[in-house]
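Below: one structure, written as structure tokens.
The values are calculated or read from the model by the stated rules, or taken from the named source; none is laboratory data. As the structure is a prediction and not an experimental result, all values here were calculated from the model. A quick note on method: Cβ atoms are made from the backbone with ideal geometry, for glycine too, and the neighbour counts reach across all protein chains shown.
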Amino acid sequence: MTSPDLSAMLLCAGIGARLMPLTKEWPKCLMPIKRIPLLDYWLNTLDELNITKILVNTHHHSEKIYDFLNRPRHSNKISVSHEKFLLGTAGTLARNKNFFKDRMVLVAHADNLCQCNFKAFINFHLKKRLNGCLITMMTFQTDYPRQCGIIKKNKNNIVEEFYEKVNNPPGNIANGAVYIIEPEVIEWINDNKDKKDISTQVIPNFLGKIAAWHNNDVHRDIGSIESLKLAQGEAKQIFKNKIDDDWQLKFNKNKIHDLIHYTGKK
């Protein structure tokens, strides 16, 4: 199997309540990281992996995300699923099950800055995970375990226990909210329409069938202003052929850059 046989779902519908007042002005998935919108990092990664069947869901500030995706280098390969009312991360997969057509799907919360060897991640799922595992979960080491879903895995890297944002988590190895899932998982979600959230309602039902792959590189949830500021110093420059088109030139003047810099200061 090659990367073109792998679809991608980028979850971009979040409101970003913890990023207020920034998200009053601008969508979470387009927050600038070194003056490049976060979603561009994800699309650049998928381009390098030769993944061309991509779905993005929208809700909050959807018109700004449409404008971003309507740029010539994006518009021909990305489909958009708008949610007037939020469906939940699992609900989004169920709604769009026909888009994936029995393919494996790379599912990512696109409000994370995630830089690692994605080819190794995919290869692990294809060739190294144990038989019976229907999901490969990317994990990372977090400095804020109470704000994350913490996992416990066995010697074979199978997730056996999962603790979603508890007060006394048993460790600091966290769910990175980046997955490769088999078609059976989407079918299960579609058959269990009351399960709306991947982290809290799907993962607990697949414990023992989830393989863990650890990201030792960069992983930062930019869900808070503090984390968004930290991400500015952690991101690696990956845009070798960056194009300053009309959208980017306008974005360079967007007041969101200054708001990030000054928010929280007296």
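A compact table of results
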quantity: Residue list for region 217-250, restricted to those being under 15 Å from Cys116 (Cβ atoms), hydrophobic (A, V, I, L, M, F, W, C) and at pLDDT below 90; calculated: Ile238
quantity: Test result for Ser227, under 27 Å from Asn98 (Cβ atoms), in contact with a strand residue (DSSP E or B) (Cβ under 9 Å, 6 or more places away or on another chain) and assigned to a helix (DSSP H, G or I); calculated: no
quantity: Residue within region 20-35 that is of a type in the set (Phe, Trp, Tyr) and within 16 Å of Ile122 (Cα to Cα) present; calculated: no
quantity: Long-range neighbours under 6 Å by Cβ, at least six apart or interchain, first residue without any contact (Cβ under 8 Å) to a residue 40 or more places away in the chain within region 199-216, second not in a loop (DSSP other than H, G, I, E, B); calculated: Thr200/Glu164
quantity: All positions within region 66-86 that are within 15 Å of Met9 (Cα to Cα) and at pLDDT 90 or above; calculated: Leu69, Ile78, Ser79, Val80, Ser81, His82, Glu83
quantity: All positions within region 102-146 that are farther than 17 Å from Asp47 by Cα, of a type outside the set (Lys, Arg) and assigned to a loop (DSSP other than H, G, I, E, B); calculated: Asp102, Asp111, Leu130, Asn131, Gly132, Cys133, Leu134, Thr142, Asp143, Tyr144
quantity: Answer from Met20, Met1 - the residue that is surrounded by fewer than 14 Cβ atoms within 10 Å (Cβ to Cβ), modelled with pLDDT under 95, under 28 Å from Lys101 (Cα atoms) and hydrophobic (A, V, I, L, M, F, W, C); calculated: Met1
quantity: Ala177 closer than 30 Å to Pro21 by Cβ, of a type outside the set (Asp, Glu) and at pLDDT 95 or above; calculated: yes
quantity: Those residues of region 78-101 which are in a helix (DSSP H, G or I) and touching a residue at least 40 places away in the same chain (Cβ under 8 Å), in sequence order; calculated: Thr89, Ala90, Gly91, Thr92, Leu93, Ala94, Lys97, Phe99, Phe100
quantity: Options Asn57, Asn117, Asn112: the member that is under 17 Å from the mean Cα position of the chain (by Cα) and modelled with pLDDT under 95; calculated: Asn112
quantity: Index of the failed condition, Asp194 passing every other in (1) touching a residue at least 60 places away in the same chain (Cβ under 8 Å); (2) loosely packed, with under 12 Cβ neighbours inside 10 Å; (3) within 25 Å of Leu86 (Cβ to Cβ); calculated: (1)
quantity: One residue from Glu184, Glu160 being surrounded by fewer than 14 Cβ atoms within 10 Å (Cβ to Cβ), under 18 Å from Pro145 (Cβ atoms) and either in contact with a helix residue (DSSP H, G or I) (Cβ under 7 Å, 6 or more places away or on another chain) or acidic (Asp, Glu) (or both); calculated: Glu160
quantity: Failed item in (1) more than 19 Å from Met31 (Cα to Cα); (2) out of contact with any His (no Cβ under 9 Å at 6 or more places or on another chain); (3) of a type in the set (Val, Ile, Thr), with Ile173 passing the rest; calculated: (2)
